[in-house]
Amino acid sequence: MEKKVQNETNETKKIKPVSDTLLVLNIQTNAVEMIKGIDQDGNLQKFPPDEKKDNDQLIRVDKHGDLFSNFFSNFYRQLKNPSHFNFFKVSEYNAVNTAKDLQQYVDQASPEEKEKLKDYAIQLKNTNPLKNQNTMENNTETQEYRFQPEQIDWKTMEKFGLNQEKLEKMNAMDPLLRGFKTNNLIPITINLGTAVSKMDVRLSLQTADNGEVAVNLHGIRKEPNYNLKFLGHEFTDEDKKNLKESGNMGRVVDLVNPKTDEIIPSVISRDRLTNELVAYRAEYMKIPDEIKGIRLDDHQKQTLLEGKPLYLEGMTSKKGELFEATVQFNADKRYVEFIFNNNQNQQQSQQQKPSNQQGQAQNKGGEAPKVFRGKELDDAQYEKFKAGQTVYVDGLVDGKGKAYQGYITFDKGTSKTDFSFTNPNKLKEKAQPSEDHKTQKAVNSDGKTNEATKNLKEPLESKQQQPANKQQEDQQKKPTRSKGRKM
C-alpha cells in the first residue's frame with residue numbers, strides 16, 4: 001500500500017501545470033510557427049510545429065489576464081518589426097495541432113478571410129485570445145466617461161469654492177469625467193477657519209480603495225525633486241536634462257507599484273503646468289499610423305513606443321503649410337505631442353534622416369545643402385543657391401504624395417534654407433516704387449526737382465515727369481533767383 005502511494009506521488013511530481021504559449025503568423029510569408037522568444041537584437045526566435053520535436057523549447061506564458069497582458073506588452077515592445085506578425089495565444093497542450101490547423105486555414109483563405117483573422121489575434125489593447133470582446137482599452141482618449149457627475153463629492157468641491165456650473169464654464173468637466181486631469185489650472189480657495197488660502201491647481205478624480213470617487217489636487221511646485229527615487233526609479237543626469245528641457249524623459253523604465261510591488265514598464269513626463277512628475281504604462285501607449293500627412297514606418301513607431309523623440313519634416317498644417325517638428329509621447333497628456341523650438345530638432349534631423357535626404361532647413365557647418373526635401377539640385381542650381389541667390393525647384397513631394405514646387409534661398413548668416421511658394425525677389429520688386437513714383441514724390445513731398453520740372457509751382461500729376469501745358473512750360477523757362485543771405 002505504501003509503495004502504491006509513493007508511486008502516485010512520483011507520478012504527480014512528473015505532471016507539469018499546463019501553460020499557454022504563442023503562435024505567430026508571418027504576414028509577409030503566411031507561415032505559422034511556434035515561438036521560443038526574442039534574441040538580443042529584437043528578432044523573433046521561432047520554429048515550425050512538429051510533434052516529433054521536443055517542444056519544451058517553446059515559450060510559456062501565464063494564463064491569467066493581467067499577468068499575460070504585462071508579459072505580452074513587454075514582449076511586443078522589445079520585438080523588431082512587430083507589425084510584420086500576428087500573434088495567437090493557445091494552450092500549450094494543443095499548440096502543435098492548432099498551428100497546423102491555422103496553417104491549413106491560411107493557405108486556403110481569401111484576402112478577406114485573412115483580414116478577418118486579425119480579430120482572433122492578440123492586440124496590445126485586447127490580450128484575450130480568440131474573439132473575446134472584453135478588451136483592455138485604457139487609453140482615455142477613446143473611452144467613454146469613466147465617472148458620472150453624481151459620483152463627484154460636491155461637498156468637498158464647495159469647500160474649494162467650486163461647483164458643477166463653474167467647472168462646466170471652465171471646460172473642466174469633460175476631462176475630469178474621462179479620468180484626465182483638467183487641461184488648465186483651476187483657481188481654488190481653501191478656508192482653514194483662521195486663514196483663507198488661494199491657489200491654482202489641476203484637478204483629477206480617482207477611485208479610492210473604498211470605491212468612492214475622491215478629488216485630487218495637483219498643486220504647482222517650483223520643480224520636481226530629481227534627487228529622490230520616483231516609484232523606484234533613480235534619475236540619471238540624462239533623465240534630468242530631458243525632463244527639464246522637453247518635459248519627457250525619453251525612455252521606458254521599470255517602475256514599482258507601491259501597493260502591489262508590481263513591476264510596470266512606463267514612460268515619465270513632467271507636467272508643464274505644475275512641475276509634477278507623471279508616469280504612464282508603456283503597454284497603454286497609443287501611436288498613430290499617420291501624423292499630419294506623414295505615414296510612420298515600423299521603425300518610427302518603435303522609436304515612439306520606446307519613449308524617444310522623433311524628428312519629422314514635410315508635415316502639413318491645417319492651413320496647408322509644410323512644417324517640421326519633433327514628436328514624442330507625453331505621459332501627462334497620454335498622446336504623441338509636438339515639441340517646437342527644441343534644441344534636439346537639429347540633432348535628430350541629422351541622425352534620423354538618410355544622408356541623401358539631408359535637405360533640411362538648417363545645416364551643420366554653415367554649408368548649403370545639395371539636397372532639399374529629397375530633391376537634388378543640379379550644378380547650376382547649387383552654385384546659385386550656395387551664393388545666396390533664390391533658386392526655383394520643382395518635383396518636390398509632400399507627406400500625402402502630392403507634387404509641389406517653389407523657391408529656396410540659403411541664408412549664409414544662419415545656415416538656414418528659406419522656402420517660399422512664390423519668388424521672394426518678385427515680391428520685393430513689386431514692393432519697390434517705380435521711377436515715375438520716385439519723381440512725383442521727390443517734387444511734391446520732398447521739395448526736390450529734376451531738370452524738366454524744377455521751376456514748376458504746381459504739384460505734379462500722377463506719373464508726370466515733363467511740363468504738362470503752356471503755363472508750366474513758361475514757368476520752367478523763367479530764370480531762378482539765387483537765395484543768398486544778407487551779410
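Karplus-based coupling profile of the range 228-238, in residue order and whole Hz: 8, 5, 10, 6, x, 9, 9, 6, 7, 4, 5, with θ = phi - 60° in 6.51 cos²θ - 1.76 cosθ + 1.60 and x standing for Gly or Pro. Our coupling estimate for the range 242-252, obtained by passing each phi through the Karplus curve with A = 6.51, B = -1.76, C = 1.60 and θ = phi - 60°, is 5, 5, 6, 7, 9, x, 10, 6, x, 7, 9 Hz, Gly and Pro reported as x.
With 10 angstrom as the radius, rank S415, S110 by how many other C-beta atoms surround their C-beta, starting from the fewest.
With the sparsest Cβ surroundings first, the list reads S110, S415.
Applying 1/(1 + (r/R0)^6) with R0 = 35 Å to the Cβ-Cβ distance of K319 and D107 gives a FRET efficiency near 0.10. Each of F340, F235 was scored by other Cβ atoms within 10 Å of its Cβ. Listed from fewest to most, they are F340, F235.
For the range 155-212, the list of GluC sites (Glu not before Pro) that fall in a loop by DSSP and count at most 13 other C-beta atoms within 10 angstrom reads E212. Put simply, the amide H of I38, placed in the peptide plane, has neighbours under 5 Å in Q45, leaving out anything fewer than 5 places away on its chain.
If you take the Cα centroid of the range 179-204 and the Cα centroid of the range 270-289, the two points sit 22 Å apart. Counting other Cβ atoms within 10 Å of each Cβ, which trypsin sites (Lys or Arg not before Pro) in the range 231-308 have at most 12 and sit in a DSSP loop? In loop regions of the range 231-308 (DSSP not H, G, I, E or B), the sparsely surrounded trypsin sites (Lys or Arg not before Pro) are K259, R272. Here the residues D119, D261, ranked from fewest to most Cβ neighbours within 10 Å of their Cβ, fall in the order D261, D119.
Read the figures in this text as sums done on the coordinates, not as results from a lab. Since this is a predicted model, take the numbers as computed values, not measurements. Every residue, glycine as well, gets a Cβ built from its backbone with ideal geometry; the counts of neighbours run over all protein chains shown.
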